[in-house]
Amino acid sequence: MPELPEVETTKRGIEKAIIGNEISGVWTSGKNLRYPISPKLAAVTGLSVVDVSRRAKYLLIALNDGSHLLYHLGMSGMMRLRDSGYKPEKHDHVIIRFSAAPELVFHDPRRFGCVVKVDDEINQHPLIKRLGPEPFDEVFTPAYLKRLSKNKTTPVKTFIMNNDVVVGVGNIYASEALFQAGIHPHRKAGNISLKRFGKLHEAVIGVLTDAINAGGTTLKDFHQSDGKPGYFQQKLMVYGRHEQKCFNCNSLIKKVITGQRSTFYCPHCQR
Ligand SMILES: [Zn+2]
């Protein structure tokens, strides 16, 4: 499933090609994604792209009339740039065509993604409005985590994955960051010291930064016609490694289910 780093990579992969370009047409498959594709989408024809940004796992394309295209990659979505005249393939659902830029193709086999045209203030949109801070935002600090976790009995893994607390810490990154910070995933959030939140804060930023940097090497794929997904494998310390030896201490990595998600941890390194 695309996580924050993949969405950031997608943003970096497409922005240079499309910013400043005028939309010459829109093609849609007619199939429903997470939400039905609105006929309003055709109204972007003639508008120009002024910016591409990311908020949590949403990709936002700002247009010169103040509206936005809001994309979510869902479970299996990907965006690709294709030469003009590209013929839609199976699982392509929305293609934005430009007068002088490659076509922007949204491809999504499982159709849990979405493409929505937002005419009103983007930060007030229901999908965006209630999101917590970005992990790279200056309000996201160890003291902030300490303050929000006060009296919370939720496991710290669930706490750090909560979008109200901070966005973009998916299951893989939560497991990896807790390992780096040496914190047991089931520890109650309210019982964690400021010092340990300092380690967790650093680890969250570290694992996401590493993933984004790893994604940078896949940027060229956005232009490749064989179009492999831009998702990437980092070296994972615990995620997916149950019954394998911890790289630090040789104990066997454990797997448990936390809040319906698989959690991986080292029983020796994480307390
Ligand atoms: Zn260990």
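The values are calculated or read from the model by the stated rules, or taken from the named source; none is laboratory data. On a predicted model such as this, the values are computed, not experimentally measured, just so you know. In this analysis, Cβ positions are derived from the backbone assuming ideal geometry, glycine residues included, and neighbour counts consider all displayed protein chains. Ligands, DNA and RNA are stripped out before the accessible areas are found, and what is left, the full protein with its side chains, is counted by its heavy atoms. Shrake-Rupley method; radii C 1.70, N 1.55, O 1.52, S 1.80 Å.
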- Averaged per residue, what accessible surface does region 79-186 expose to a 1.4 Å probe, in Å²? 46
- Computed label-point distance, nm, for sites LYS188 and ASN32 using a 7 Å Cα→Cβ extension: 4.3
- Message: Please report the net charge: other residues with Cβ closer than 13 Å to the Cβ of SER24, K and R +1, D and E -1.
- Response: -1
- With axes computed from alpha carbons, what is the tilt in degrees of helix 171-181 against the longest principal axis of the chain, rounded to the nearest 10 within 0 to 90? 40
- Message: Computing the accessible area with a 1.4 Å probe over protein heavy atoms, can you report the carbon and sulfur percentage for the chain?
- Response: 50
- Rounded to the nearest whole number, the per residue volume of the convex hull around the C-alpha atoms of the chain in Å³ is 130
- Query: Looking at the square roots a ≥ b ≥ c of the eigenvalues of the Cα gyration tensor of region 61-111, which shape do they give, rounded for a/c under 1.5, prolate if a/b is larger than b/c, or oblate?
  - Reply: oblate
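Would you compute, from DSSP H runs of 4+ residues alone, the mean residue ellipticity of the chain at 222 nm, taking -39500 (n - 2.57) per run and dividing by the full residue count, rounded to the nearest 500?
Numbers: 6 runs with 67 residues, N = 271.
Rounded to the nearest 500, it is -7500 deg cm²/dmol.
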- Quick one: which residues, 5+ away or cross-chain, put their amide H under 5 Å from the amide H of ARG54? H built at 1.01 Å from N. LEU60
